[in-house]
Structures are given as C-alpha cells and as structure tokens.
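These notes concern the structure reproduced below.
The values are calculated or read from the model by the stated rules, or taken from the named source; none is laboratory data. From a predicted model like this one, the values you see are computed outputs, not experimental measurements. Cβ placement follows ideal geometry from the backbone for every residue including glycine, while neighbour counts extend to all protein chains displayed.
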Amino acid sequence: MIKVGDRIPSVKLKHMTSDGIKDITTDEIFKGKKVVLFALPGAFTPTCSAKHLPGFVQKAADLKGKGVDTIACLSVNDAFVMSAWGKDQKVDNKVLMLADGNGDFTRAVGLEMDGTGYGMGKRSRRYALVADDGVVKTLNVENPGAFEVSSAEAVLKAL
C-alpha cells in the first residue's frame, strides 16, 4: 500500500470534458500542484453520495484557501458514470471526477477492495490523500464500512 513519502504512480485515468471522454495522467494531475485526492467504492452508492462527495463539494473553497490546487474524486467506475454522478451532485468545477474504470490506479496504490460479495467486483477502498508535487504528504485510509478519516473535514484538519 502507498504510504506517506511515496510518489504517486504514473497511471492513465479518464475524465469527461466538454469534448467527450479524455485521458488524463496522474503526472498531469499532480505535477507541481497540491492535490487532494479522495477515493471511494462507487458512484451513486449511499455513503459516497450522501456524505463523501458532498462534503468535498461543500468544503471546496475552504480547501482551496489552504493552498489546494485540485480536488479530485476517484472511483472504479467509467467516465460516463462519474460524469453523471458529478452532475447529479452539482459538482460543477469544484471537484475533478476521475474514472479508474479498470482499477489500474487503485491497484498501483495498493488500495483495492473486493466487493464481489456485494455484486460490485473489485473497487477502491475509501481514503483521502494530500500530495504535494506528486509526493504523498497525508494518507487517511478508512477501515471497511467506516467513514471517519477520509472526510473533507478530516483533510482540512490535516492541512
């Protein structure tokens, strides 16, 4: 599992733009920037939709006020789902919605969760990290079923 002091692995993700689905690399996202990345098991799922993503949307200005350049939400879902979820949650440009459809990033950071018992397949564990120029400065990984240390409020306290 990735840890504080490690460099974010170089992986290609997808995101929706006004021109359709585009590739975006972790190097593009993290290089020279302070980034908050939070990941969750699935778009439109109860805790993710009721608490996790909305918290970062509501606290976006506070996070930016602490020097954060980019707030990114990652899930092992496709870019169409992440875009639809972002619209449903009124994300606007506050949070970059990243699709890790094949779980490449999630495996690369060692934070995969087996949700096959729930019919979800392999997904991401719930976590939040702060990276500065691609180096992890803070990493808060939730215990299974929990939502405590990866909230926007917890990230704000860490900043």
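Only residues that are at pLDDT 95 or above, among the basic types (Lys, Arg) and part of a helix (DSSP H, G or I) were counted across region 1-57, and they come to 0. When region 113-159 is limited to residues that are under 15 Å from Ile71 (Cα atoms) and over 16 Å from the mean Cα position of the chain (by Cα), the one that is surrounded by the fewest Cβ atoms within 10 Å (Cβ to Cβ) turns out to be Asp133. The numbered conditions (1) touching a residue at least 40 places away in the same chain (Cβ under 8 Å); (2) closer than 22 Å to Gly86 by Cβ; (3) surrounded by fewer than 20 Cβ atoms within 10 Å (Cβ to Cβ) are all true for Ser18 except (1).
Considering (1) surrounded by fewer than 16 Cβ atoms within 10 Å (Cβ to Cβ); (2) of a type outside the set (Phe, Trp, Tyr); (3) farther than 22 Å from Thr25 by Cα, the lone condition that Gly110 does not fulfil carries the number (3). Only a single criterion out of (1) surrounded by fewer than 20 Cβ atoms within 10 Å (Cβ to Cβ); (2) at pLDDT 95 or above; (3) of a type outside the set (S, T, N, Q); (4) part of a helix (DSSP H, G or I) is not satisfied by Gly67, namely (4).
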